[in-house]
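Here the structure is laid out as structure tokens; the discussion comes afterwards.
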Amino acid sequence: MIRPILRYGDDTLRTPTTAVTDITPDIQTLIDDMIETMYAASGVGLAAPQIGATLRLFVADPSGGHNAEDLLVMVNPEWIERNGEQREDEGCLSVPGFNATVPRPEHATIRGLDRDGQSRTIEGTGILARVFGHEMDHLDGSLFLDHLRGMRRDMMIRKIRKLTRSGKW
Ligand SMILES: [Zn+2]
């Protein structure tokens, strides 16, 4: 089921997540909904808080649905390694219509469980490392615009407030 994606301003996006203790049928349904919602929104990643579940869980597909084998489900992911730096333009399904250049690791390794509860360690470079950085931020209640400073950030927040006031957010 495609679920509504929460937007900047919703407190759920700022709530630190808790670990998934058991991959129950409800969690499997949540994972299916996250995958469907991510693809429907043409995203390359979606974290559980974005559809209202404050759990340590994200789905990602750096190919945007073009390669079935690129689909990744990460339950309770943790950082193993982060190094290098890349600066690329990125956006977020919870902040539609805005993007900015954000520093991310060039290489990143995370470890977590797949949807069958099997431990997986995944190494990412380039876009996958960026997706890891972005989604891991979501699991800590952080958003890409938190990495921006000064005028860039203020302008973005002002525009979002204006859209919110006029009921367009
Ligand atoms: Zn996002």
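The values are calculated or read from the model by the stated rules, or taken from the named source; none is laboratory data. Keep in mind it's a predicted model, so treat the numbers as computed, not measured. All Cβ positions, glycine included, derive from the backbone under ideal geometry; neighbour counts span all protein chains shown. Surface accessibility is based on the protein's heavy atoms, side chains included, excluding ligands, DNA and RNA. Shrake-Rupley method; radii C 1.70, N 1.55, O 1.52, S 1.80 Å.
Just a few scattered comments:
- In degrees, nearest ten, helix 150-165 long axis to first principal axis of the chain (Cα): 90
- For region 111-123, putting each phi into the Karplus relation 6.51 cos²θ - 1.76 cosθ + 1.60 with θ = phi - 60° gives couplings of 10, x, 10, 7, 6, 9, x, 7, 5, 9, 10, 10, 9 Hz, in residue order, rounded to whole numbers and with x for Gly and Pro.
- Residues whose amide H comes within less than 5 Å of that of I80, counting only those at least five positions distant or on another chain, are T109, I110, R111 (H built at 1.01 Å from N in the peptide plane).
- List I23, I122, ordered by accessible area with a 1.4 Å probe, largest first: I23, I122
- If the chain linking T101 and D32 were pulled fully straight, counting 0.36 nm for each residue of separation and taking away their Cα-Cα distance, it would gain 21.8 nm.
- Whole-number percent relative contact order across region 20-96, with pairs defined as alpha carbons under 8 Å at least 6 apart: 24
- Only Lys, Arg (+1) and Asp, Glu (-1) charged, at Cβ; the chain dipole about Cα centre in debye: 1160
- Exposure rule at most 10 other beta-carbon atoms within 10 Å, DSSP loop trypsin sites (Lys or Arg not before Pro): the chain longest free segment: 1-148
- Kirkwood-based Rg to Rh ratio, region 37-124, C-alpha trace: 0.95
- In percent, rounded to a whole number, the relative contact order of region 1-143 is 25, using alpha-carbon pairs under 8 Å and six or more apart.
- Each eigenvalue of the Cα gyration tensor of the chain, multiplied by 5 and square-rooted, gives one semi-axis; in descending order these are 25, 19, 14 Å.
- Label-point separation in nm, D154 to A68, each point 7 Å along Cα→Cβ: 5.2
- A straight chain from D116 to S42 at 0.36 nm per residue would run longer than the Cα-Cα distance by 24.1 nm.
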